[in-house]
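*Asks:* Structure incoming, see below.
The values are calculated or read from the model by the stated rules, or taken from the named source; none is laboratory data. Quick caveat, the model's predicted, so the values are computed rather than measured. Cβ placement follows ideal geometry from the backbone for every residue including glycine, while neighbour counts extend to all protein chains displayed.
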Protein chains: 2
Amino acid sequence: MNPQQQQIGILLFAHGARDSRWAEPFQRVAARLQDQAPELPLELAFLEFMTPDLTEAARRLAARGATSISVVPLFLGQGGHLRSGLPELVARAMAQLPGVRIEVGAAAGEDPGVVAALAQYALQCAAATRP
Amino acid sequence: MNPQQQQIGILLFAHGARDSRWAEPFQRVAARLQDQAPELPLELAFLEFMTPDLTEAARRLAARGATSISVVPLFLGQGGHLRSGLPELVARAMAQLPGVRIEVGAAAGEDPGVVAALAQYALQCAAATRP
């Protein structure tokens with residue numbers, strides 16, 4: 001890679017859980033994204049219970065040449081995890097990765113397209129319910 | 001309402017948090033759904049920290065004539081809250097509302113349309129990131 005060239009990486013950030021099946025929707029999001037943008041460095045990281053954590057995922061993206069990382073919180077609600085926990089994790093990762101910029105997007109639940117898809121899914125559930 | 005007629009109700013079910021702003025995306029899903037299906041009895045309920053709880057929301061739907069309630073878990077991952085907690089809450093609500101059937105859908109994160117919207121949102125975040 002040309003060292004002059006700037007490279008964006010995506011870091012999908014989810015909560016994590018003890019049950020490994022919990023990660024499946026997030027892995028599907030990552031797989032779909034990688035299909036749509038095969039050249040884009042992409043990692044899925046977790047707040048707790050699962051690995052990698054945010055710093056490790058950012059390190060992997062940097063190792064693949066990412067100089068600017070977009071953290072995408074795959075959370076519906078914007079609670080304490082995002083309002084206080086995430087900025088702290090990002091500051092820690094940036095301190096360990098000089099020269100890499102890390103920006104954090106809004107929770108996915110703030111996106112109108114995600115809200116529309118959730119409403120559509122609820123309508124499908126209602127339609128599938130026997131009256 | 002004709003007592004012979006069967007009526008479906010939708011119960012959107014989210015986690016809840018201490019921060020009231022956390023509920024906003026779920027309220028937007030409810031508002032959008034109500035726009036699309038104004039006649040459909042609809043309630044938003046929470047597992048913890050926020051009200052109403054599942055039983056109270058089901059009671060309100062039943063009071064509006066719902067005889068069959070579709071619970072739509074607005075969760076991305078399908079963890080312990082849904083695998084064990086939710087069936088217990090549903091059993092408790094059904095015990096208190098004889099004659100009302102309550103069915104539980106899969107977590108919203110299992111829906112391909114929701115996965116696609118999340119992937120699309122992540123791409124938008126990456127596009128908005130300065131390289």
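*Asks:* Please work out which one of (1) outside any loop (DSSP other than H, G, I, E, B); (2) more than 7 Å from chain B (Cβ to nearest Cβ); (3) surrounded by 15 or more Cβ atoms within 10 Å (Cβ to Cβ); (4) in contact (Cβ under 8 Å) with a residue 24 or more places away in the chain is the condition A:Gly109 fails and give its number.
*Replies:* For A:Gly109, the failing item is (2).
*Asks:* While we're on this one: Can you pull out the residues in region A:47-71 that are under 23 Å from A:Arg18 (Cβ atoms) and either within 14 Å of another protein chain (Cβ to nearest Cβ) or in contact with a Cys (Cβ under 9 Å, 6 or more places away or on another chain) (or both)?
*Replies:* A:Leu47, A:Glu48, A:Phe49, A:Met50, A:Ala57
*Asks:* Next up: Just name the residue that is farthest from the chain's Cα centre (by Cα) out of those in region B:51-67 that are closer than 27 Å to A:Ala107 by Cβ and assigned to a helix (DSSP H, G or I).
*Replies:* B:Glu56
*Asks:* Just one of (1) within 10 Å of chain A (Cβ to nearest Cβ); (2) of a type outside the set (D, E, K, R); (3) over 14 Å from the mean Cα position of the chain (by Cα); (4) part of a loop (DSSP other than H, G, I, E, B) trips up B:Leu123, so point out which.
*Replies:* Just one mismatch for B:Leu123, condition (4).
*Asks:* State whether the residues of region B:40-50 include one that is more than 13 Å from the chain's Cα centre (by Cα) and part of a helix (DSSP H, G or I).
*Replies:* no
*Asks:* Looking only at region B:1-9, decide whether some residue is surrounded by 20 or more Cβ atoms within 10 Å (Cβ to Cβ) and either in a loop (DSSP other than H, G, I, E, B) or at pLDDT 95 or above (or both).
*Replies:* Scanning region B:1-9 turns up at least one residue that is surrounded by 20 or more Cβ atoms within 10 Å (Cβ to Cβ) and either in a loop (DSSP other than H, G, I, E, B) or at pLDDT 95 or above (or both).
*Asks:* Oh, and also: Among (1) buried (at least 18 other Cβ atoms within 10 Å of the Cβ); (2) part of a loop (DSSP other than H, G, I, E, B); (3) not acidic (Asp, Glu), where does A:Ser70 come up short?
*Replies:* A:Ser70 satisfies all of (1) buried (at least 18 other Cβ atoms within 10 Å of the Cβ); (2) part of a loop (DSSP other than H, G, I, E, B); (3) not acidic (Asp, Glu) except (2).
*Asks:* Now for a different question. Pairs please, first residue from region B:74-101 and facing chain A (nearest Cβ under 10 Å), second anywhere and in a loop (DSSP other than H, G, I, E, B) and hydroxyl-bearing (Ser, Thr, Tyr), Cβ atoms under 8 Å, 6+ apart in sequence or on different chains.
*Replies:* Qualifying pairs under 8 Å: B:Arg101/B:Thr67.
*Asks:* From (1) at pLDDT below 95; (2) surrounded by fewer than 21 Cβ atoms within 10 Å (Cβ to Cβ), pick out the condition that doesn't hold for B:Gln78.
*Replies:* Single failed check for B:Gln78: (2).
*Asks:* So which of B:Arg28, B:Arg32, B:Arg60, B:Arg18 ends up being closer than 28 Å to B:Gly99 by Cβ and of a type in the set (Lys, Arg)?
*Replies:* Just one listed residue meets the conditions, B:Arg60.
*Asks:* A further question follows. Would you check which residues across region A:81-102 are under 24 Å from B:Gln120 (Cβ atoms) and surrounded by 17 or more Cβ atoms within 10 Å (Cβ to Cβ) and list them?
*Replies:* A:His81, A:Leu82, A:Leu86, A:Val90, A:Ile102
*Asks:* When the residues of region A:16-39 are narrowed to those that are within 7 Å of chain B (Cβ to nearest Cβ) and not in a helix (DSSP H, G or I), which ends up surrounded by the fewest Cβ atoms within 10 Å (Cβ to Cβ)?
*Replies:* A:Asp19
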